Every structure is written in structure tokens, then in C-alpha cells.
1. What's the Cα-based Rg to Rh of chain B, Rh via Kirkwood?
2. Once you charge only the Cβ atoms, +1 for Lys and Arg and -1 for Asp and Glu, what is the size of the charge dipole of the protein assembly as shown about its Cα centre, to the nearest 20 debye?
3. Quote the convex hull volume per residue of the stretch B:71-198, based on C-alpha atoms, as a whole number of Å³.
4. Please report the Cα spread of the stretch B:160-236 along all three principal axes, rounded to whole Å, starting with the longest.
5. Along the principal axes of its C-alpha atoms, what lengths does the stretch B:31-113 span, in descending order and rounded to whole Å?
6. Give me D for the stretch A:1-40 in µm² s⁻¹, whole number, from Stokes-Einstein with Rh from the Kirkwood sum over alpha-carbon pairs, 4 °C and 1.567 mPa s.
7. What shape does chain A have by the C-alpha gyration tensor, where a ≥ b ≥ c are the square roots of the eigenvalues, rounded means a/c under 1.5, and otherwise prolate means a/b greater than b/c and oblate the rest?
8. Take the Cα radius of gyration of the protein assembly as shown and divide it by 2.2 N^0.38 Å, with N its residue count; two decimals is plenty.
Amino acid sequence: MEGLWTRWLLRTWVVLILLFLFIPILLIFLYAFNTSNIQSWPIPGLTLKWFSSTFDDADVRTSLGLSLQVGLIATALALVLGSFAAFAIHRMTWFGREVVSLMFILPLALPGIITGISLKAFFSFDGVPLSLLTIVVGHTTFCIVVVYNNVLARLRRTQGSLIEAAMDLGANGFQVFRDITLPLISTSVVAGAMLAFALSFDEVIVTTFTAGAQNTLPLWIFGAIRLGQRLPEVNVVVSFVILVTIIPVVIAARLTGGGGAARVPAAR
Amino acid sequence: MAVKAVGRPRPKGGGAVPFAAVFWRLPWLRSLLLLTPPLAWFVVIYFASLVLLLVTAFWTTDPFTTQIVQVWNTTNFERILNEPVYHDIVGRTVLLAALVTLTDAVLAFPFAYYMARVASRRVQTLLFAAVLLPLWASYLARVYAWILILNHSGLLNWSLQSIGLPPANIGYTNVAMWVVFSYIWLPFMIIPTYAALERVPESLVEASADLGARRWRTIRDIVLPLALPGVVAGSIFTFSLTLGDYITPLLVGGAGSTFIGNVVFSNIGIANNIPFAAALSTIPVAIMAVYLFIAQRLGAFEAL
């Protein structure tokens, strides 16, 4: 119904927004190959030398190791807790269900700094020293919701009649779960796990409050940018982090047909 | 649900059978058992933390030992109320969060409109993917990209010079913060707006046209009111995320760019005054509570 002019204007707008969204990201990748250690435009030439020096950097490797550890443990915990919550809420009809739903979303709806400072106050009050464990606790808390959302959305679209049919045919509870429920929800569980890992791998705000002396990769990047040091390595690490977060998201989006990876409310 | 009509299943053999039967007949028991671990996590860790934050805000620290003194008082809040510097900081944070939200709404709406109501199915999918990528691409990476763009010898000044304009030195200013925040949270606005626009029934738009409304009238009186909950849902994210940020002000802001988050952050570091940081962080919580209340009145929760 839009006229030719309107369509043309809208298309121009869309192209401009896409350029705005993608030029900075492409620029990062280009700077990773910058021959100069001064970060100015245009870059004088292309080189691969920063990749090897970054890989040899012990600090980067240690923080990468910690990030992977935190990401995997937090994802595993969020997977169990988020799926449990989704299964429970799916069957619930009482009034408390909206309250419980809102509760799981709270760590994403409240500013990250609130979650961070609360946990910091909590650990300090309980005398828990900041460590790998405290980082994991923080990450799990905001990762639960992505698993929960994905699994719940899938359960809502799954037909109860399939489960009833299996039970009528004599399957016991375990068999129904193994042969019917699990295959139906498995891709949403995997998608939730992918997104939880991506969320954890990139998180910096809550982590600054819950990490002690140790650095995750984002904390290393944050420190290096703040001090303006080792920027050629920052370029490489940052490009790497973009790839590591994007790949699981692409997988999750394919598994859920797009909507599951929306991070913000997108589809009912 | 149809569950009740099925009645009692009769599975054969196996020790797990009685359990399964019990859970089937008493679904609330199953729900309760499943819900306990995640609920316990949230109550024991997260809510305990939030409550403790509120309580800590009414404590103080001993200036000599930096130990927390657990005596109920309102010193922290008095300090925030009486020192004008904190008024400026709160004002700046809220103002910029509002400005960023408005900017993103304006940038996102035509884009989302094209996605939802003009683009073909294929282009729609491509554009959705194109918004998802920056939505998830590392936050720090994208802030850093703007440091590279905005610095004196960055892409922006190079572009300006190559078309004969004077350089714009907006690096490390509040303008830089406005640009970077608007950039970073834009996908959070596009997606809910798009989702809301896609749900506007075609029949209403056609009816409006049949009744003689021109295109802009239809957009203003039909499409815009129906899409508003989506825009408000997006604004919850753009507003809340800006309100609680301290990384962007630290990295791209200048001397006059201190946010609430920065004061909170500096008070848990060297100063090690958790009670004061806690008192300060109740401000964004209070602001968000008001914001969520208004958003709920505008129907944003139905779009959530």
C-alpha cells in the first residue's frame, strides 16, 4: 500500500541504519590486521603478526581459560535450573506463575549494576571470597532466563496430545520423557545453552563486581582499553570474542527459527 | 486442559511406575519438585542479595578501618540528597537515558516498519538476522569500535576531511556517549517494535484506507497506537541498560560524563564503601520501578 516515494525513503533509511550497525563491527575486524600499533585511519597495511603475539600472551590465555570455564559451568547450571523452571511453570495454572515468571526475568530487566552490587554486598556479608565460584554464581543467575524462555516457548508449542497418546499406549513416565518430550524440546534446550554461553562469554558489568583478582576475557579487554595498552592485541581479542559469541547465536537462531535468539521480547 | 479427561494411565512394570502415576495425578507435586531448585537459587542468592543491598544502604563504613558498621542510619541518603554533585550525576544519567531511548525509537521505527510491512518474506528474514548479529556481538567490542572511530585520527575525522569539512572532536564527551549508547542499544529497540508492527492486523489498515484515510492518517491513528506497546517494551531495555551502565561513560565519556554507575563502581573499588554504593544504586532501582509502572499502564507488558 506504500507509495513509490515512501518505499524509496524507507529503503534508504534501512540501508543507512544497516551501515550504522555494521561499519563499526567490520572496522574492528580490519584493525585486527593493522600493521601499525597506532590505531588511526586509514590503516597503513595488513599483517597477521598480532595474531601470533596475542596467542603467545600468557595473560590473554589465562583469561580465555577462565572465561571458558565460567561459561561452561554457568551454562550447565543454567541449563538444569532453567529447564526445571520451564517444565514446572508450563504445567502450573495457579496465580503465582506470573510472579515466578517475572522473577526469572528480573536479572535482565534490572540494570546489570544492580545485580552486580547486590551480589557483591551478599558475598561480602557472608564472608565468601571472590573467586571462580562467585563469578559463576553471577553468570548463572542471568543465564537461567535464556534457557527458561527458550524451553518454555517450545513446551507451549508442543502438543500435549502426543504425550497423552504415549501414555495411553503404555509408556511409563521415563519412556515418555525419553522418547517424546526430550526429542521435541531438545533443539530449544541446545539453543538456550548456546545463548547462555554467549551471554556469559561476553559479560562484563556483573563480572567486575563478582571477580576477585582473576580476569575473564572481557575483564582483560576492559582493563587494556582503559589503560590504552596493548591495543593491537585488543583488536585481535575483540574480533575473536565477536566470533565466539556470534557462532552460538547463529546456531541457536537456526534451531529456533530466529525468534528464540531475539534476547528481547520478539514473538509470542 | 485435556489432561484430566485422560484419567489414570496403566503403564506396565518397572519401579518408576508408581512415581510416574503419582506425578500424573498430582501435577502440582511434580511442578513443586521441579520448581524448588531454581526457586531456591533465586530466593537464597538473588533475592537475599537484593534485600541485603537495600539493608546495606542504611549501614555505614568506619572511616578508619573501612569495616561495615551495621547500625541503622540514613547518613548515605542524606549525603546524596545534600551534595549537589550527586544531583548533577543523577540528572545527567536520567537525561541521557531518556535521550538515547528517544533517539533509538526514532531510528528504529521506520526500519521496523519496513521490516514488518513492506519487505518480502525473504528480506524480512535477512533483516532480522542483520539485527540479531549486532544485538549479540560483544558489547565491549562495539564500544571499543567507537573509540577507534571517534578519536582524533579516526574514521570520522578522516571522512569529514575527505569531503572538505573541519574535524569534529567529539571523542570523550557526552555527545560521544549519546552516539555510542544509541548505537549499542538500537537492536534492543528494533526487535520489539518490529514484533508489534507485525501484529497490527492488515484488515484494520485496509478498513482505514477504505474509510478514506490517507496513508499518514492511517499510520498516525491505526499503526502507531497499536505499535506503541512494542516501542515501550523496547524502551524498557534502552532506558534500563543506559541507566545502569558505567563502562561506556568510563571508556568514551570525558571529565563531565560521570554516571550513577561510575560512582557506584568507584565506591566498591579503592574507597571500599559498599553501603554508600548500595544507597546510590537504589536510585536506578526506584527509577526503573516508576518506569515499569508507566510501561505497564501503556500496555508494554502484553508485548513482553
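1. Reported Rg/Rh (Cα atoms, Kirkwood Rh): 1.09.
2. So the dipole magnitude of the protein assembly as shown works out to roughly 1620 debye.
3. On the way: hull volume 22.9 nm³, N = 128.
Considering the Cα atoms of the stretch B:71-198, their hull volume per residue is 179 Å³.
4. Result for the stretch B:160-236: principal-axis Cα extents of 52, 31, 16 Å.
5. 56, 52, 18
6. In µm²/s, the coefficient rounds to 104.
7. Numbers: a/c = 2.08, a/b = 1.39, b/c = 1.50.
It is oblate, given that a/c is not under 1.5 and a/b is not larger than b/c.
8. 1.03
Just so you know, all these numbers are worked out from the coordinates, no wet-lab data involved. The model shown is predicted, which means the values in this text are computed figures rather than measured ones. Please note: Cβ atoms are built from the backbone with ideal geometry, for glycine as well, and neighbour counts cover all protein chains shown.
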